[in-house]
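Below: one structure, written as structure tokens.
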Amino acid sequence: MFCILGFFILNFQVFQGQKFRSLSDKNCIRLIPQIGSRGSIVDRNDAIIVSDTISYDVMVLPKDVSQLETTLDNLSKVVGIASKELKKRFRAEYQSPSIPVALVRNIEVKKAVALEELKADFPGVVVQPNPIRGYRYGKLACHVLGYLGEIDRWRLTRLSNYGYNTKDIVGFGGVEEKYDYYLRQDEGGISAEVDHRGRFVRMLGYKPPISGRKVQLTLDLRIQKIAEGALGDRTGCAIIMEPHTGEIIAMVSNPGFNPAVFVTRQNEKIAELFSNPKAPLFNRAISGLYPAGSSFKPIVAAAALETDKADLNTSFTCTGATHVGRKEFKCWGVHGTQNIVGALKYSCNVFFYRIGIKLGGQSMYEYAVKFGLSKPTSFELSNEASGFVPNPLWKRISKFHKWLDGDSANLSIGQGELLVTPIQMACMIAAFANKGYLVTPYIVKAVDGKILEDPQRKILPLGIGESTINTVRRGLRGVTEQGGTASILSFPQLAVAGKTGTAQNPRGAPHGWFIGFFPYEKPKYAIVVFLEHGVAGYMASLTVKEIISQMLKEGLIPFQEAKN
């Protein structure tokens, strides 16, 4: 008996002594995590758009709770949540005895203080201060910013090698997702010794948490507010861009959403966002595909001038319609004899029908691609659509039909199978503003004060003649002058150029476009406003007028006297 007893003592003390010492140490050592703040997001003037605030969360350490039912019953009286609900949350969040379970997030400070005072009565219950994402302006720039959520299986599979773990909070959509690597914080913590009752004895080690990096956007918060206010509750989008560099000054997509509902886990509101038929999570500015309507005409005009199919002396007479084969193609008005400048000013369909037929589908396709259509712009945020420009080869292969003059007539006024995104149209009109360069739009300017270099951000010459650009610009300027389709944008102190567009839509009222730039002589801003089912381009022009008027009022546009 003594020999057997001695053998087990020897086994426990010597052969397995290190193992049991380790278990003993683990029993008296607690690791208290400390989470750093996620990096802030600021505008071009360093005004804070998104930053972290402190949240107090009630956590339960399962291995330290001997009587779970009783503990949760007593805890419910302090936090004001039904015991049944707390038990439900515990079951949903529980992973293992050593992993804390978050029962209540972002409780009131007075309740957090009360729990700390009653700490001895709640063994295994900890009030953990955590940073929580704060979206200061609600819906403002929501599609640019994105939102936060618990990492899903797909992202975890892709990112596990980069330090991401189960239950991590990551970005979804917008800047929060694209630049999660910079914004993400590193977790720190305290290694503490506790006694048999879990009371603190001494600190053994400390690793400070590392906060995420500050991301500076190209957005101007003042102009973003103006654009969102002008768009109001109408479905559509607005983009304001620096035409020489591609910096996005404002980007709005309506309807929007409040990213805070994902932070506070308001499940009912989140479910409403996903089920809403108006798709508030959908960024129409970069992912929406729409017919261009007459806003496509500047490309057709440039193609005709460059291929010598038209010049300033080329004119056609508009009587309100023209025949292509046996079919009548109508114009929205009667414009008389027009050259290319007048046809842009009055948006004469008959002129462009005839020019489109002379050009043919292949030439219009090639120049549309040259101006950036039918392919992504390389904008940095995810889910950018490519758009589509029809051409004779596509029709032959996909529909087994020959390209006809009627197809050319349709394409010349931006109808038919043509589909574009608002961000593509912003880059296209910017090429006329900067006199011949296709820019890559971008939204992030710097990280921690260091300018972000991205090889995808390019400024490419189009190879379009100066005289062609100047002729089209004259037509675009005429659009906002007396008699033009957007004469409402005639300001005494500012010269605006642009093009309206009314795009026919088989599933409802027509869409409304306005694309343009200002000031005319030295453009500082390119602008696109798109109204889904907006009836006409004139309605989009009204929105642009409201934006420009407010920008002038706040002194955000350099003074440049309009010259007619």
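For this structure, a couple of remarks:
- Of the Cα atoms belonging to the stretch 80-181, the radius of gyration and Dmax stand at 16.9, 46 Å.
- Over the chain: helical MRE at 222 nm, DSSP H runs n ≥ 4 each giving -39500 (n - 2.57), nearest 500: -10000 deg cm²/dmol
- Cα-based radius of gyration of the stretch 416-564 once divided by 2.2 N^0.38 Å, which approximates compact folds: 1.11
- Ellipsoid fit via the Cα gyration tensor, the chain: semi-axes of 62, 23, 21 Å, each the root of five times an eigenvalue, largest first.
- Farthest toward the positive end of the dipole of the stretch 210-252, out of G229, L219, I239, is the Cα of L219, where the dipole comes from beta carbon charges about the Cα centre.
- Simple Cβ-charge dipole of the chain, Lys/Arg +1 and Asp/Glu -1, about Cα centre, in debye nearest 20: 660 debye
- Residues W332, W154, W403, arranged from fewest to most other Cβ atoms within 10 angstrom of their Cβ, appear as W154, W332, W403.
- Taking all Cα pairs closer than 8 Å and separated by 6 or more residues, the relative contact order of the stretch 276-371 comes to 29 percent.
- Shown here for the stretch 442-485: GluC sites (Glu not before Pro) in loop regions (DSSP other than H, G, I, E, B) with at most 12 other Cβ atoms within 10 Å, namely E453.
- Considering only alpha-carbon pairs that sit under 8 angstrom and 6 or more positions apart, the relative contact order computed for the chain is 14 percent.
- In terms of its C-alpha gyration tensor, the stretch 122-202 comes out prolate, because a/c is 1.5 or above and the ratio a/b outweighs b/c.
- For the stretch 228-285, the convex hull spanned by the alpha carbon atoms encloses 91 Å³ per residue.
- Per-residue packing, averaged as other Cβ atoms within 10 Å, sorts the ranges 133-146, 109-122, 507-520 into the order 507-520, 133-146, 109-122, beginning with the highest.
- Global geometry of the stretch 358-503, whether rounded, prolate or oblate, following the gyration tensor of its Cα atoms and the 1.5 cut on a/c: oblate
- Whole-number Å³ per residue for the convex hull built on Cα positions in the stretch 413-476: 127 Å³
- Taking T377, T53 and counting other C-beta atoms within 10 Å, the order from fewest to most: T53, T377
- Counting lysine pairs in the stretch 431-564 whose alpha carbons fall under 17 angstrom apart, excluding pairs fewer than 8 residues apart on the same chain, gives 11.
- Cα gyration tensor shape of the stretch 347-425, rounded if a/c is under 1.5, else prolate or oblate by comparing a/b with b/c: oblate
- Once C-alpha pairs closer than 8 Å and six or more residues apart are averaged by separation and normalised to the residue number of the stretch 465-545, the relative contact order reads 25 percent.
- Positive-end residue of P441, N391, M428, charge dipole of the stretch 360-470 with Cβ unit charges: N391
- Amide hydrogen neighbours beyond the local backbone of Y442, cut-off 5 Å, H modeled: E247, I248
- Neighbour counts of other Cβ atoms within 10 Å put I48, I240, I357 in the fewest-to-most order I48, I357, I240.
- Partner lysines for K63 [C-alpha distance under 22 Å; skip if fewer than 8 residues away on the same chain]: K19, K26, K84, K87, K88, K119, K167
None of the figures in this text is laboratory data; all of them are computed from the coordinates on show. This one's a predicted model, so the numbers in the text were calculated from it and none came from an experiment. Here Cβ is always computed from backbone atoms with ideal geometry, including for glycine, and neighbour counts include all displayed protein chains.
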